[in-house]
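See below for the structure under consideration.
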Amino acid sequence: MQKFENPFRPGAGHTPPYLAGRDAERAEFSKLLRQSTVMENLVLTGLRGVGKTVLLEEFRPIATGEGWLWAGNDLSESASVSESSLAQRFLVDLSVVTSGIVIEIDPGRQVGFAPASERVTSRMDYEMLAHVYDSTPGLVMDKLKAVLEFAAFHLGREGSDRLVFAYDEAQNLADNDSNEQYPLSLLLDTFQSLQRKGIRFMLVLTGLPTLFPKLVEARTYAERMFRVVQLDRLTESESRDAVELPIQKEECPVTFRPETVARIVSESGGYPYFIQFYGKEIFDVWKKQNDADEAMNASFDGIQRKLDIDFFSGRWARLTDRQREMIWTIAQLEHPEAEFEIPDVVDRSKSVLDKPFSASHTNQMLASLAEKGFVYKTRTGKYTFAVPLLKEFVLRNYQTSSER
Ligand SMILES: Nc1ncnc2c1ncn2[C@@H]1O[C@H](COP(=O)(O)OP(=O)(O)OP(=O)(O)O)[C@@H](O)[C@H]1O
Ligand SMILES: [Mg+2]
């Protein structure tokens, strides 16, 4: 008999065995694909591990099925540092879809290359795009636009002029006054200008919840340029499907009892990464144990400890003592998973800490916690935790100096 492998896939960007839910998001994306002139682009945001990368991958066949071409990549920090590095990123990604196109080029430009009387053709590969880029005078934006318009023209002649540019981790993009680099504005201005001209290139950006406020801060018109889809935790029944469907297979050696499934659903809080994590661990434990039910509680505790080490500890280690006290204080709020404001934290710290925080100190600390990716500031100026299930981790593991 074939060995049935553990189907669960906790990990960044790993396709889950069953992608639960997300029907509304898929429908929203399909709607955008039906625009005859691209007026709206997509921003897909959500907390760490909520499933942005795998959903973006799901979007690809939807788009190509509707006749769109697809280009894209991760916007790593290095691709985002300067305008020209971002432009390079676009050239490389665009060349993947254009390199199959062969066009006739002006032989006069190819002196010593071929007799002027002969037809000269060349593939629209990276070198050709880079040539268009380099030979266009002006700013980075002029050059990038020239390349994209050139590509749009030839793609149109080939009969497929609709192209999605999909970029993951787009929260890395930022304008930077100190070195006078504005890659984020470059991206927005370029696409706005192309779309105004009727070129059917659509942007799909995914990233942490800071992404959309950043876009709007760079260019207020970004508000109208993007449809924002916020990915949330899965519902209870979607979470159950995510746990159960991958193991409801004939060859599967393991079954989870309804209590086990319910426990995974509640411990994971409906967050996809945690569902995969618990699913994987429990599958392994159950496979080894004959009398799984008795061991259930012990196993969950062990798995939780492992989760704390695998997912949270590394992040936690990057905080100072005082920052940890602040996170702990926030975890003591009545609804720490909802938005909170500076006075909430100040008030709470008076009752739970020996050394409470002042308002200005709180303000400063929240800014540094935002930089470290623990909280983020919403567009209304409130804050929320940026790491799922952070409250639960903190309350499980952390005691303040006064408690100790
Ligand atoms: N709808 C879903 N159903 C089941 N599992 C899912 C679903 N979406 C994501 N997952 C799983 O959750 C984990 C995280 O997914 P993914 O890497 O796409 O999240 P992300 O939002 O891109 O995270 P990050 O912000 O860290 O990049 C993966 O293990 C993936 O298999
Ligand atoms: Mg991701």
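Since every read-out is calculated from the coordinates, none of them should be taken as a lab result. Keep in mind it's a predicted model, so treat the numbers as computed, not measured. Virtual Cβ from ideal backbone geometry, glycine too; neighbours counted across all protein chains shown.
Any idea what angle helix 342-352 forms with the longest principal axis of the chain, computed on alpha-carbon atoms, 0 to 90 degrees, nearest 10?
Taking the Cα atoms of the chain, the angle to 342-352 is about 20 degrees.
Please give the FRET efficiency for Thr384 paired with Ile62, using the beta carbon to beta carbon distance and R0 = 25 Å, rounded to the nearest 0.05.
Details: r = 30 Å, r/R0 = 1.20.
For Thr384 and Ile62, the calculated efficiency is 0.25.
Where a ≥ b ≥ c are the square roots of the eigenvalues of the C-alpha gyration tensor, would you call segment 221-354 rounded, which needs a/c under 1.5, or, failing that, prolate if a/b is larger than b/c, or oblate? Don't jump to the answer; show the numbers that get you there.
Numbers: a/c = 2.61, a/b = 1.53, b/c = 1.70.
Judged from the Cα gyration tensor, segment 221-354 comes out oblate (a/c at least 1.5, b/c at or above a/b).
Taking 0.36 nm per intervening residue step and subtracting the Cα-Cα distance, what contour gain separates Glu77 from His154 on full extension?
Numbers: separation 77, 0.36 × 77 = 27.72 nm, distance 3.11 nm.
Result for the pair: 24.6 nm of gain on full extension.
222 nm [θ] for the chain, helices only, -39500 (n - 2.57) per DSSP H run of 4+, per residue, to 500? Please report the intermediate quantities before stating the final value.
Numbers: 18 runs with 199 residues, N = 404.
Helices in the chain give a 222 nm mean residue ellipticity of -15000 deg cm²/dmol.
Once each part is reduced to its C-alpha centroid, what is the distance from segment 142-200 to segment 231-266 in angstrom?
41
In units of 2.2 N^0.38 Å, what is the alpha-carbon radius of gyration of segment 216-263?
Rounded to two decimals, the normalised Rg is 2.04.
For labels at Lys31 and Thr235 in the simple 7 Å Cα→Cβ model, what's the distance in nm?
So the two model labels end up 1.7 nm from each other.
Need the full-extension length gain, Ser358 to Arg396, defined as separation in residues times 0.36 nm minus the C-alpha distance. One decimal, nm.
On the way: separation 38, 0.36 × 38 = 13.68 nm, distance 2.63 nm.
Additional length available on full extension: 11.1 nm.
As a quick test, which of the pairs Lys214/Lys372; Lys31/Lys372; Lys197/Lys377; Lys355/Lys377 have an alpha carbon distance above 28 angstrom in this structure?
Working: Lys214/Lys372 16 Å; Lys31/Lys372 36 Å; Lys197/Lys377 35 Å; Lys355/Lys377 25 Å.
Table pairs above 28 Å Cα-Cα are Lys31/Lys372; Lys197/Lys377.
Under a point spin-label approximation (7 Å from Cα along Cα-to-Cβ), what is the Glu5-Ile309 distance to one decimal in nm?
2.5
In whole Hz, what ³J(HN,Hα) sequence does segment 268-274 give by Karplus (6.51, -1.76, 1.60; θ = phi - 60°), x for Gly and Pro?
Along segment 268-274, the couplings run 7, x, x, 7, x, 4, 5 Hz.
Out of all DSSP beta bridges in the chain, what portion is antiparallel? Express it as a percent rounded to 5. Could you put the intermediate results ahead of the total?
Numbers: 8 of 28 bridges.
If we restrict to bridges inside the chain, about 30 percent are antiparallel.
For the chain, what relative contact order do you get, as a whole percent, if you take Cα pairs closer than 8 Å and at least 6 residues apart?
20
So for the pair Ser99, Lys197, with labels modelled 7 Å out along Cα→Cβ, what separation do we get in nm?
If labels sit at Ser99 and Lys197, their model points lie 2.5 nm apart.
Could you go through segment 149-156 in sequence order and give the Karplus-derived ³J(HN,Hα) for each residue, using 6.51 cos²θ - 1.76 cosθ + 1.60 with θ = phi - 60°, rounded to whole Hz, and x for Gly and Pro?
5, 4, 5, 4, 4, 6, 4, x
Quick check: from the Cα gyration tensor, does segment 208-290 come out rounded (a/c under 1.5), prolate or oblate?
prolate
Convex hull volume of the Cα atoms in the chain, per residue, in Å³?
Working: hull volume 74.3 nm³, N = 404.
Taking only Cα atoms, the chain has a hull volume of 184 Å³ per residue.
What is the distance in Å between the Cα centroid of segment 59-101 and that of segment 348-388?
So the two Cα centres are separated by 36 Å.
From largest to smallest, what semi-axes in whole angstrom does segment 71-210 give when each is the square root of 5 times an eigenvalue of its alpha carbon gyration tensor?
Details: eigenvalues 173, 56, 32 Å².
Output for segment 71-210: semi-axes of 29, 17, 13 Å.
Report the calculated FRET efficiency for Thr15 and Ser266 (r = Cβ-Cβ distance, R0 = 22 Å), to the nearest 0.05.
Values: r = 25 Å, r/R0 = 1.13.
The computed FRET efficiency comes out at 0.35.
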